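Taking it in order: structure first as structure tokens, then the write-up.
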Amino acid sequence: MLIRHTRPSDVKPSEITPRAVFADRRRFLATAAVAGATAVLSPLLAGPAVAGRKLDGITKSPFSTDEELTDYKSVTTYNNFYEFGAGKDDPVENSADFEPRPWTVAVEGEVAKPGVYDLDDLIRPHALEERIYRMRCVEAWSMVIPWVGVPLGDVIKRLEPTSKARFVAFDTLYDPKRMPGQQRAILDWPYREGLRMDEAMHPLTILAVGLYGEELPNQNGAPIRLVVPWKYGFKGIKSIVRISFQEAMPPTSWNIATPHEYGFYANVNPNVDHPRWSQARERRIGEFFKRETLMFNGYGEEVAHLYTGMDLAKFY
Ligand code: MTE
């Protein structure tokens, strides 16, 4: 697997200053005291891949981890977004011309307030929060990403799902002209994902519209994507155009493609191997040594109760 190391010599001086804006000074000083200045300087020196528009009025969330952030460059250049190609550096290269505005999200199904919502109407009633989450990809690498978003549960409450709504389904935009990867049948497009209603309502689940204090770069799922930090990254569907409340469990893209490899739940679980590799350990991008993967990606205290009585080897 390709691991990127950013050398300070790769970075133009003009790219250094804006990154400093995003570093939480207190976190920086605290981490520096422990880790030594060189290690924590790398996030500040990593230049932006694409300059995004700064988001205002962001509050800090108590749900954030204080672990060292993955540098901006890795977060925005080492991506999975098959709509723009299957290679890790394809999304940043092939999504540069994607125009994520104007953007609407269709709300459908078992809900009192269906309709086609302009993105701002869906998000703006809620205060933007910075949520620094550990993210674990099914491919056994991980990152720590400062997302900006709103709790999905707050949005759902406003939409008023009916008592029949047991699941929420999400669709990515289907537009092969704007998303050239969709011209090839790698997946059954559009990309689809879903959550059980209690997972969707859990306070850790967010709809992200930004990262590192900026609007989401295209390659990270502009303008709106799902982030569920205790699940493998593929649950985090990007560029969402449809949210549908349903009684039945919705089909999901990777489960349709290879059901024995990717289940609906996709909870991070070091005890259940992927059929082709172990999930016991992971490589944190930017680090050399592998680390142990934690049950529910370290969010067990918050979410384990959602799965009481379920055999997590069966419901993978
Ligand atoms: N959403 C869509 N629409 N298409 C994709 O290919 N890839 C998923 C998820 N969401 C994907 C997607 C996978 S496998 C991962 S690991 C994460 O996005 C990666 O998010 P990131 O590139 O922002 O780190």
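The values are calculated or read from the model by the stated rules, or taken from the named source; none is laboratory data. Since we're looking at a predicted model, the values are computed, not measured. As a convention, Cβ positions derive from the backbone with ideal geometry for all residues, glycine included, and neighbour counts pool all protein chains shown. Surface areas here come from the heavy atoms of the whole protein model, side chains and all, with no ligands, DNA or RNA. Shrake-Rupley method; radii C 1.70, N 1.55, O 1.52, S 1.80 Å.
Couple of notes before you dig in:
- Looking across Leu173, Leu211, one residue alone is at pLDDT 95 or above and surrounded by fewer than 24 Cβ atoms within 10 Å (Cβ to Cβ). It is Leu173.
- Residues satisfying the stated conditions in region 80-110, i.e. acidic (Asp, Glu), in a helix (DSSP H, G or I) and either within 12 Å of the ligand (Cβ to nearest atom) or closer than 19 Å to Val241 by Cβ (or both): Glu83, Asp90
- The number of residues in region 111-140 being under 19 Å from Ser61 (Cβ atoms), among the β-branched types (Val, Ile, Thr) and within 16 Å of the ligand (Cβ to nearest atom) comes to 1.
- The listed residue being open to solvent by 50 Å² or more (accessible area, probe 1.4 Å) and in contact (Cβ under 8 Å) with a residue 12 or more places away in the chain, out of Gly153, Gly109: Gly109
- Region 88-105, subset surrounded by 13 or more Cβ atoms within 10 Å (Cβ to Cβ) and without any contact (Cβ under 8 Å) to a residue 60 or more places away in the chain, residue farthest from Thr77 (Cα to Cα): Glu93
- Enumerated strands (runs of 3 or more DSSP E) restricted to region 189-301, each holding at least 2 residues that are more than 11 Å from the ligand (Cβ to nearest atom) and either acidic (Asp, Glu) or touching a residue at least 40 places away in the same chain (Cβ under 8 Å) (or both): 192-196, 206-211, 240-246, 281-284
- Positions within region 166-178 being within 20 Å of Ile243 (Cα to Cα) and not acidic (Asp, Glu), in sequence order: Arg166, Phe167, Val168, Ala169, Phe170, Thr172, Leu173, Tyr174
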